[in-house]
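Below you'll find the structure, written out as structure tokens, and then a few comments.
Values in this text are rule-based calculations from the coordinates and carry no lab data. On a predicted model such as this, the values are computed, not experimentally measured, just so you know. Cβ placement follows ideal geometry from the backbone for every residue including glycine, while neighbour counts extend to all protein chains displayed.
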């Protein structure tokens with residue numbers, strides 16, 4: 001018995017040495033310069049299973065996200081531009097880190113501790129994705145880049161007190177990490193020296209058939225574990241209500257092609273958004289560890305994306321305002337329905353709705369949002 005045990009152990013040891021552990025690699029290179037001469041860097045994280053993510057320091061932007069299909073064919077599953085110049089000249093949030101406050105704030109104002117703060121307003125009179133010079137159009141510092149069982153890149157940015165109207169000096173950090181299985185984790189951390197509001201997310205727009213696929217993204221099958229969503233006004237600001245999705249185009253609990261219900265002109269919410277452009281109140285609520293917020297699958301290629309988050313909501317946007325004027329990667333003309341955004345977040349306009357989870361952040365109580373993009377293949 002002892003001899004057999006030793007033989008088995010030796011075989012296991014040999015097998016271990018014959019099959020080296022999987023690893024993920026990180027590399028960086030120059031990606032261009034800004035008008036003031038500031039160098040922009042790109043970092044590529046690559047896993048052994050063919051998944052890779054390239055991040056631009058400009059906007060801490062998920063620039064490329066490559067994933068194989070069931071036949072091993074690799075495609076970029078995120079919309080965007082080929083070059084830095086286009087991100088500078090025609091910013092459209094694609095893949096960018098959003099802050100200080102992701103999504104919309106009604107009337108571009110909020111009140112904190114009895115003081116009202118005014119933010120830069122868009123042509124609808126609201127603040128969108130931070131307003132002014134948001135995190136998406138600033139060049140982040142590349143702090144560290146590491147290879148290993150998990151490849152990672154850390155980006156940092158300091159937003160001064162009063163930046164775009166927000167109180168407090170905020171020190172923000174975004175950590176992208178890719179493991180050997182191809183799971184991309186994004187961690188948003190921030191501290192402040194004054195009470196403020198923070199709501200950070202990534203604004204990638206996906207097509208699991210591959211960006212620029214001629215059929216668009218509306219055949220992608222979407223699942224969202226949310227029995228309620230937040231209806232909006234004509235200017236897409238939440239009314240404060242949590243509405244049941246049952247019997248509406250917003251019921252994605254069992255999974256359905258994205259196109260189902262998008263042309264339902266009898267639903268006022270669909271009319272307001274020109275499709276789906278709404279926040280879903282996840283049944284899981286606010287959690288300490290990331291849990292499922294959405295699942296997106298392209299049945300034809302087999303590519304699957306699962307989005308996990310610690311936040312209580314996810315904004316689903318069906319690419320309704322892509323109007324054919326955006327020339328994206330590989331010269332592809334992006335049209336309505338060519339991509340789907342899945343943005344984990346606090347609820348839109350939460351600072352103006354006491355029944356929504358608070359976005360308040362205080363000194364000594366850091367902000368953290370952990371989200372995961374998990375890609376796989378359905379055989």
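Observations
- Two-site FRET efficiency, residue 82 against residue 227, from Cβ-Cβ distance with R₀ of 56 Å, rounded to 0.05: 0.90
- Span per principal axis, largest first, for the Cα atoms of the stretch 191-255 (Å): 48, 31, 25
- Nearest-0.05 FRET efficiency for residue 193 and residue 330, computed from C-beta distance (R0 51 Å): 0.70
- Average Cα contact separation per residue, the chain, under 8 Å, 6 or more apart, as relative contact order %: 17
- Calculated FRET value between residue 158 and residue 283, using beta carbons and R₀ = 51 Å, to 0.05: 0.90
- Among 184, 34, the order by Cβ neighbours within 10 angstrom, fewest to most, reads 34, 184.
- Exposure proxy for 173, 368, 303, 100: other Cβ atoms within 10 Å of each Cβ, ordered fewest to most, give 368, 173, 303, 100.
- Normalising the average separation of contacting C-alpha pairs (under 8 angstrom, six or more residues apart) by the number of residues puts the relative contact order of the stretch 139-245 at 14 percent.
- Full extension of the chain between residue 300 and residue 320 yields a length gain of 4.9 nm, computed as 0.36 nm times the residue separation minus the alpha carbon distance.
- Three semi-axes of the equivalent ellipsoid, the chain, Cα gyration tensor, whole Å, largest first: 34, 26, 22
- Computed extension gain for residue 259 through residue 355, at 0.36 nm per residue and net of the alpha carbon distance, reaches 31.4 nm.
- Modelled this way, with points 7 Å down the Cα-to-C-beta line, the labels at residue 71 and residue 368 are 4.4 nm from one another.
- The Cα center of the stretch 299-313 and the Cα center of the stretch 228-249 differ in position by 22 Å.
- Angle between the chain longest axis and helix 2-18 axis [Cα atoms, degrees, rounded to 10]: 60
- For the stretch 115-140 versus the stretch 76-95, the gap between their alpha-carbon centres in whole angstrom: 19
- Stretch gain in nm, segment residue 378-residue 35, where the contour uses 0.36 nm per residue and the Cα spacing is subtracted: 119.0 nm
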